[in-house]
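Colleague: Okay, handing you the structure first.
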Amino acid sequence: MESLHYLLMKAHSRMQRQICARAAEFGLTSGQPKILEYLSQYGENNQKAISDYCEIEQATVGSILLRMEASGLVVRAQHEGNRRSLYVALTPKGRAAAEKMAGAFADAEGEVGGMLTPAEKLQLRRLLEKLCGGTWEEGGET
């Protein structure tokens, strides 16, 4: 039997390849689909919140956001009274791209989930949420 880390990595890689291929069709680069999904779901927010949710380093999110801003997917602005943080919001073009990616995410989940019963999908979701909700430290689990 394969190890848990290998199976999780393999499942992630398969889904990621499918999603990245669709994202490339829409002219999106790595990291952009996650950020579009976050902003679509949660609305305008700062770079740190996006970084935390997407599990991407803040500096990397900054680079991705620069490219997204240049291509008209997002806008960044300071809020009155808070000059320390830039807030990121989707543009109409970004909302359209997020909707396309939502379809791509649903297609990928449907393809992967198509081999599971509804009860198995629910069980898998609960197990993954349990794993993702745990506290992890670098080098091991706490």
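Colleague: Please count how many residues of the range 21-70 are at positive phi and under 11 Å from the mean Cα position of the chain (by Cα).
Modeller: So the answer is 2.
Colleague: Taking the range 113-124 as the region of interest, how many residues are surrounded by 12 or more Cβ atoms within 10 Å (Cβ to Cβ) and either among the small types (Gly, Ala, Ser) or part of a helix (DSSP H, G or I) (or both)?
Modeller: Initially, the range 113-124 is screened for residues surrounded by 12 or more Cβ atoms within 10 Å (Cβ to Cβ), giving 113, 116, 121, 123-124.
Add one more test, that the residue is either among the small types (Gly, Ala, Ser) or part of a helix (DSSP H, G or I) (or both), and what stays is 113, 121, 123-124.
Of the residues in the range 113-124, 4 are surrounded by 12 or more Cβ atoms within 10 Å (Cβ to Cβ) and either among the small types (Gly, Ala, Ser) or part of a helix (DSSP H, G or I) (or both).
Colleague: Being touching a strand residue (DSSP E or B) at 6+ places or on another chain (Cβ under 7 Å), more than 23 Å from Ala21 (Cα to Cα) and modelled with pLDDT of 95 or more, is that true of even one residue in the range 61-83?
Modeller: yes
Colleague: Got a sec? Which of Ala89, Ala102, Ala108, Ala97 is in a strand (DSSP E or B) and in contact (Cβ under 8 Å) with a residue 24 or more places away in the chain?
Modeller: Ala89
The values are calculated or read from the model by the stated rules, or taken from the named source; none is laboratory data. All of these numbers come straight from a predicted model, not from anything done at the bench. No Cβ is skipped: glycine too gets one built from the backbone with ideal geometry, and neighbour counts run over all protein chains shown.
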